[in-house]
Amino acid sequence: MTFNFDEWIDRSHSDSQKWNKYANKDIIPMWVADTDFRSPPAVIDALQKRVAEGVFGYGDPSQELVSIFIERMRNLYQWDVKPEWLVFLPGMVCGLNLSVRAFTDPQQHTLAPFPIYPPFVKSSRFAHRQQLSIPVKLRDQRWVINLDSAEQQLTGNEKLMMLCNPHNPGGTVYTREELEAQLAFAQRHDLVICSDEIHCDLLLEPGAKHIPIASLSDDDAQRSITLMAPSKTYNIAGLGATIAIIPNKNLRDRFNTERAGLVPNVDILAYVAAEAAYRDGQEWLDAQLDYLRGNRDLLVKRINAMKGLSTVNLAATYLAWVDASELPVDNPHAFFEQAGVGLSPGADFGDAKFVRINFGCHRDLLNKALDRMENAINAL
């Protein structure tokens, strides 16, 4: 089967948050992390079939969804996940917030990479917990966390280490050795680990291999909450189906207790979409990854040719972290927005001299956005 990722789907008059942000403005939206691609045909067909039933009462994840996900963990990562370890959530962000509240008290601190996807920081702020930053530094053209720097900040009150693999922003896929160092750090300081692995299927670099940190050892599994989802992979984020993998029963019970009465169950259509995506979406995913590699290569080449900008050849995700620190403007995000390109401001992630570009769109639109950015820089 062939899939047309160059298809133009006009979302400007829909309920799309991405496009509505700049409604009635000539600004190309390349910010929030959803793509403009039509979801896999298998997902659309499954949803249409379920809607045709016409009854939408409360529902549970099917046994087939559980079995498919467990088999996926076994095939991809040689990780033997048990059904009782799985907790289904209506989104990844609530998993971050629940982890902070379940595994720390107000006197305890969290640790998180920095710069990082904004909900990491907000989850601690919302719970009135102090968060210490683990610096993310550029090393050999890869954004990696600096654990030595983190060691110097510790007070002894830290309890939860929050990780992001592949990293957002930056697109780093951590190696086994790097993950083992993160695990050793957590063991040394007796930390619970919450790992956001929502982009684990979006591997762009040949040879890149995702390794769930909880799969490294039994000790690691017993101190870990791993968050995965089909949402970014298959462009079904608006349906909201995240899977928290929590092997330790005590941690799982605490997580579910914190959730009770506050976080709703997953939408029944989200279960249907997740099952269809994981069962029948691989051919579509392979084609999408090929297309995204082309977009990445185009973006990296053009961005690095623009005076004042630079980016790395990210190994995963469709979210490029662009260094604009050499650009002679005070606010790179506002500068490019004025030029007609709506990017994610680096300040939201922790560095106002950066911007994040979502290149999950058809190539003509990407080229148009890059043209606008280049023209704006040349006009300085």
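The values are calculated or read from the model by the stated rules, or taken from the named source; none is laboratory data. Here the structure is a predicted model, which is why all the values come from computation and not from measurement. In this analysis, Cβ positions are derived from the backbone assuming ideal geometry, glycine residues included, and neighbour counts consider all displayed protein chains. Please note that ligands, DNA and RNA were not included when accessible areas were found on the heavy atoms of the full protein model with its side chains. Shrake-Rupley method; radii C 1.70, N 1.55, O 1.52, S 1.80 Å.
Sort out which residues of the range 221-256 are open to solvent by 10 Å² or more (accessible area, probe 1.4 Å) and among the β-branched types (Val, Ile, Thr), and write them in order of number. Ile236 - this is the single residue of the range 221-256 that is open to solvent by 10 Å² or more (accessible area, probe 1.4 Å) and among the β-branched types (Val, Ile, Thr). Screening Ala276 on (1) surrounded by fewer than 18 Cβ atoms within 10 Å (Cβ to Cβ); (2) over 20 Å from the mean Cα position of the chain (by Cα); (3) under 27 Å from Leu239 (Cα atoms) shows it passes everything except condition (1). For the range 9-36, the candidate set comprises residues that are within 25 Å of Leu269 (Cα to Cα) and touching a Leu at 6+ places or on another chain (Cβ under 9 Å); within that set, the residue that is surrounded by the most Cβ atoms within 10 Å (Cβ to Cβ) is Thr35. Of all residues in the range 165-183, those that are farther than 21 Å from Ser217 by Cα have Cβ atoms under 8 Å from Cβ atoms of residues that are in a loop (DSSP other than H, G, I, E, B) and open to solvent by 40 Å² or more (accessible area, probe 1.4 Å), 6 or more apart or on another chain, in Asn168/Tyr117; Pro169/Tyr117. Considering the range 206-220, the residues that are more than 17 Å from the chain's Cα centre (by Cα) and open to solvent by 10 Å² or more (accessible area, probe 1.4 Å) include one that is nearest to Leu86 (Cα to Cα), namely Ser215. Taking the criterion of being assigned to a loop (DSSP other than H, G, I, E, B) and either without any contact (Cβ under 8 Å) to a residue 24 or more places away in the chain or touching a Phe, Trp or Tyr at 6+ places or on another chain (Cβ under 8 Å) (or both), the residues of the range 61-93 that qualify are Pro61, Ser62, Asp80, Val81. Listed by first and then second residue, the pairs linking a residue in the range 105-120 that is touching a residue at least 12 places away in the same chain (Cβ under 8 Å) to a residue that is among the aromatic types (Phe, Trp, Tyr) and open to solvent by less than 50 Å² (accessible area, probe 1.4 Å), with Cβ atoms under 8 Å apart and 6 or more places separating them unless they lie on different chains, are Ala112/Phe120; Pro113/Phe120; Pro115/Trp321; Pro115/Phe349; Pro115/Phe354; Ile116/Phe349; Tyr117/Phe349; Pro118/Phe349. Of the strands (runs of 3 or more DSSP E) contained entirely in the range 216-335, those carrying at least 1 residues that are under 30 Å from Ala379 (Cβ atoms) and touching a residue at least 40 places away in the same chain (Cβ under 8 Å) fall at 319-323. Taken over the range 123-141, residues that are part of a helix (DSSP H, G or I) and either closer than 26 Å to Ala315 by Cα or without any contact (Cβ under 8 Å) to a residue 24 or more places away in the chain (or both) amount to 1. Of all residues in the range 142-174, those satisfying the criterion of being open to solvent by 10 Å² or more (accessible area, probe 1.4 Å), over 19 Å from Ser224 (Cα atoms) and assigned to a strand (DSSP E or B) are Arg142, Trp143. Within the range 279-304, the residues that satisfy the criterion of being touching a helix residue (DSSP H, G or I) at 6+ places or on another chain (Cβ under 8 Å) and open to solvent by 30 Å² or more (accessible area, probe 1.4 Å) are Arg279, Asp280, Leu298, Arg302. Among the residues making up the range 245-290, a single one is closer than 26 Å to Leu314 by Cα and in contact with a Gly (Cβ under 9 Å, 6 or more places away or on another chain): Gln288. In the range 336-363, the qualifying residues are those that are under 13 Å from Tyr117 (Cα atoms) and assigned to a helix (DSSP H, G or I), and the one that is least open to solvent (accessible area, probe 1.4 Å) is Gly346.
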